[in-house]
Amino acid sequence: MIESESAIVAAIRLLVTGDQAVWSIIGVSFAVSLRAVVIASPFALCVAFLLAYKSFAGRRFLLTLINTLMSVPTVVVGLTIYLLLSRNGIAADLHLLFTQTAMVIGQVLICTPLIIAMAHSTFQSGDQKAYETAKTLGASSLASMWTVIKELRFGLLAALIAGFSRIIAEVGCSMMVGGNILDRTRNIPTAIALETSKGEFIIGIALGIVLVSLTMLLNTILNYFQGSGEIK
């Protein structure tokens, strides 16, 4: 018990004192995952909107595909990208393997189906007449879509937060396509896996504290916006 308390205190000290190695790992995690969510969100929201408000051939198949992709293990996504970017892969000439760009690509593929599924549910739960009403009043399709998004902003924000939470904590894809290179592609989950395998629990605990604190912060922000009734 005393040893556990000492390890937690030492982990907190690493964070408070600004340990370069720890904060480099945290920086890589945020840089990669934030870029992935920013890239994935516009496409995911548009697809979710079309699935909720439009009828077209293949709609049911697309919904089934999205639900299937949500359950694909991250290591499978990583393996697929690795095969494409490796020396014998069709995208080998891009030289993206073991880079942050490869990690971003993987995380985009991981979070996009989740954001689509959650955003689709949010769109379906809203007033289906809002879009048509906006168009009747003379708004363009994009303006009408934006009206619906503003109306359902809290549910859509929850979808984006869920997507970010999904990828900030994934380890399989990041390990395979990033290579876990210090100061370049080593993020929080891969660092925790590496350090704990070496018996360096203090760094693992410090990074775990960051992940838990981030989850609490994101949920606190979401609850605040839902309670206040507006996003500033």
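Below is a table of values for the structure above.
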item	result
From phi via Karplus (6.51, -1.76, 1.60), per-residue ³J(HN,Hα) for the stretch 112-128 in Hz, x at Gly/Pro	4, x, 5, 5, 4, 4, 5, 5, 4, 4, 5, 4, 5, 7, x, 6, 5
Lysine pairs with alpha-carbon atoms under 18 Å apart, the stretch 2-225, spacing 8 or more or separate chains	4
Net lengthening on full extension, C46/I221 (0.36 nm per residue, minus Cα-Cα)	60.6 nm
Nearest 10 degrees, 0 to 90: helix 2-16 Cα axis against the chain principal axis	70 degrees
Choice from L84, L160, L94 with maximal GNM fluctuation in the chain (Cα, 10 Å cutoff)	L94
Helix 141-151 vs. the chain, principal-axis angle (Cα, 0 to 90°, nearest 10)	60 degrees
Rounded FRET efficiency, nearest 0.05, which uses the C-beta distance separating L63 from N88 and R0 of 41 Å	0.70
Candidates G199, G172, G27: whichever shows maximal mean-square fluctuation once the chain is modelled as a Gaussian network with Cα springs under 10 Å	G199
Estimated FRET transfer efficiency (T196, V76; beta-carbon r; R0 30 Å; 0.05)	0.80
For the chain, calculated [θ]222 nm from helices alone, where every DSSP H run of n ≥ 4 adds -39500 (n - 2.57)	-25500 deg cm²/dmol
Principal-axis tilt of helix 201-228 within the chain, Cα atoms, nearest 10 degrees	20 degrees
Added length on full extension, which subtracts the Cα-Cα distance from 0.36 nm per residue, A130 to F56	24.6 nm
Most mobile of G106, G163, G126 in a GNM of the chain (Cα contacts under 10 Å)	G126
Approximate spin-label separation A139-F30, in nm, with each point projected 7 Å along Cα-to-Cβ	3.4 nm
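FYI, it's all coordinate maths here, none of it is from the lab. Worth saying up front: this structure is predicted, and the values here are computed from it rather than measured. Every residue, glycine among them, receives a Cβ derived from its backbone with ideal geometry; neighbour counts consider all protein chains shown.
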